C-alpha cells in the first residue's frame, strides 16, 4: 500500500494540519500556505486517493482515515475544508490530545439535507455526481468546481485556481471520488459536536452554495466555538479572501503558542 503523502513546510512551534476537499489535493491551499508559513509549521495532507496519495488505499471512512493521519503528524491545530472538515472534526473528537484546536472552513458535521437539517445540499446532488463520474469524469469535476466557486465575489479567480489544482499533474482516483461522495452523503457528527473540548473556529462563506453559513453558526453554538462569516466568500474563501481566513485562525494560533 502506498503511504499517505504529507508535505511539511514553514516555521515555528505552532503546527497546522491542512485537509483539502473532495477531488482536490493539498496544493489547493497555496494562498493560505504562503500567508501562514512564516508563523506556522504546516503539514499539508493529500487524502487517500487524491493528489500524491493517489495510490494510497487507506479508507476514506472518517474514523479510519483520521487515525491514519494522527499517527503521522505532531500535536497541532487541524484545519479541514469541505470534505476535509469531516476528518478534522473526527480527529478532534477521537484524539483530543493530538488535535490542539480545530478550524472548520466551509465544513459542517453533516453535508446533506434532512428533515431536521435544512442547512445543507440535497442528497440527490451528490448522487448525481456519483452517477455522472462513470461516464464523464472531467465534466463531473468541472461542474463540481463551478458549484464551489458559485456565489463568491471572486468566482472566476476561484474557479481558475480550483481547475488548475485538480487537473494539473495529480488527478484523483475514481474509486476515491466515489468513496468520498459516500462519506459526504452518509456522515453525521452533529450529535458529537458538543463533545469538543478544544478551542474551535468555524469559518463560513456568506455566499457558499454548498455549506450554508447557518450550519457553521449552529455548530459553533453547540461547542462554544468562534464563528466567522466572510461576506463575499463562497465555498473556497481561502483563495480570494486569504487575509480574512488567516485573521479568523489567529486566536487559535495565539492560544497554541501561549
Read through the list (1) in contact with a helix residue (DSSP H, G or I) (Cβ under 8 Å, 6 or more places away or on another chain); (2) modelled with pLDDT under 95; (3) within 28 Å of residue 243 (Cα to Cα); (4) surrounded by fewer than 24 Cβ atoms within 10 Å (Cβ to Cβ), then give the number of the only condition that residue 35 fails. (2)
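In this structure, does residue 177 turn out to be outside any loop (DSSP other than H, G, I, E, B) and under 25 Å from residue 240 (Cα atoms)? Please lay out each step first, then the result.
On the way: outside any loop (DSSP other than H, G, I, E, B): yes; under 25 Å from residue 240 (Cα atoms): no.
So residue 177 fails the test.
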Show the residue pairs meeting these rules: Cβ distance below 7 Å; 6+ apart or different chains; first residue within the range 114-128 and more than 21 Å from residue 217 (Cα to Cα); second residue not in a loop (DSSP other than H, G, I, E, B). 123/112; 123/185; 126/112; 126/181; 126/184; 126/185
Quick check: is even one residue across the range 177-186 modelled with pLDDT of 95 or more, touching a helix residue (DSSP H, G or I) at 6+ places or on another chain (Cβ under 7 Å) and more than 26 Å from residue 94 (Cα to Cα)? no
Residues of the range 194-217 being in contact with a helix residue (DSSP H, G or I) (Cβ under 7 Å, 6 or more places away or on another chain) and either in contact (Cβ under 8 Å) with a residue 60 or more places away in the chain or buried (at least 18 other Cβ atoms within 10 Å of the Cβ) (or both), in sequence order, are 195, 196, 198, 199, 200, 201, 202, 203, 204, 205, 209, 210
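Can we say residue 17 is under 14 Å from residue 100 (Cα atoms), touching a residue at least 40 places away in the same chain (Cβ under 8 Å) and surrounded by 20 or more Cβ atoms within 10 Å (Cβ to Cβ)?
yes
The values are calculated or read from the model by the stated rules, or taken from the named source; none is laboratory data. Since the model is a prediction, treat every value here as computed from it, not as a measurement. Every residue, glycine among them, receives a Cβ derived from its backbone with ideal geometry; neighbour counts consider all protein chains shown.
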